Structures are given as C-alpha cells and as structure tokens.
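The values are calculated or read from the model by the stated rules, or taken from the named source; none is laboratory data. Computed from a predicted structure; not experimentally measured. All Cβ positions, even for glycine, are placed from backbone atoms using ideal geometry, and neighbour counts span all protein chains on display. What goes into the accessible areas is simple: the full protein's heavy atoms, side chains included, and nothing from ligands, DNA or RNA. Shrake-Rupley method; radii C 1.70, N 1.55, O 1.52, S 1.80 Å.
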Amino acid sequence: DLRQERRRWELMTLSGVVTARAEDLIRVTGVRTLDALHLASALLFEASVGASVPFVTADARQAEAAARLGLRVVRVD
C-alpha cells in the first residue's frame, strides 16, 4: 500500500525559513518536531497567500497546537 501511495506524493525540500519557524514553535509551544514542521509550513503558507486555509489533521495534539496558533482546524478520524 505504501508503494502505491508513494507514487502520488510530491516531496518538497524544507527551506531554512520553515525550519527556523519550526524551531521557534518547538521552543514556544513544546510541539513535537514533525508537528512543528507541519505547523510552520501551514502558517507560512497562509501568510504567503494572505488567506486562511484549513489545517486538516487526525492528531489531537497537533489539532490543539494548530488551534492555539490560530489555524482553522479540520479534524478527521
């Protein structure tokens, strides 16, 4: 299943801006590393498009952190 899904992925290189923002989020919120990268990416994307976009997650801790940061959270199960 993973190999089939991998064909649909688009891998992206993390920029220094994203990693720096993620480091800040870890210090400020205590979120886990991968969560910080997701949250930093979402926050920077919103800032670049100038609009709120849904932050979709099935992870309760990630959803809580996203909401605290002002992201519009959509929970999936």
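Numbers for the structure displayed
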read-out: Residues (open to solvent by 50 Å² or more (accessible area, probe 1.4 Å) and assigned to a helix (DSSP H, G or I)) located in the range 58-77; value: Ala60, Arg61, Glu64, Ala67, Arg68
read-out: Selection from the range 1-57 of residues that are surrounded by 14 or more Cβ atoms within 10 Å (Cβ to Cβ), polar (S, T, N, Q) and outside any helix (DSSP H, G or I); value: Thr57
read-out: Only one of Leu11, Leu34 that is of a type outside the set (Gly, Ala, Ser) and under 12 Å from the mean Cα position of the chain (by Cα); value: Leu34
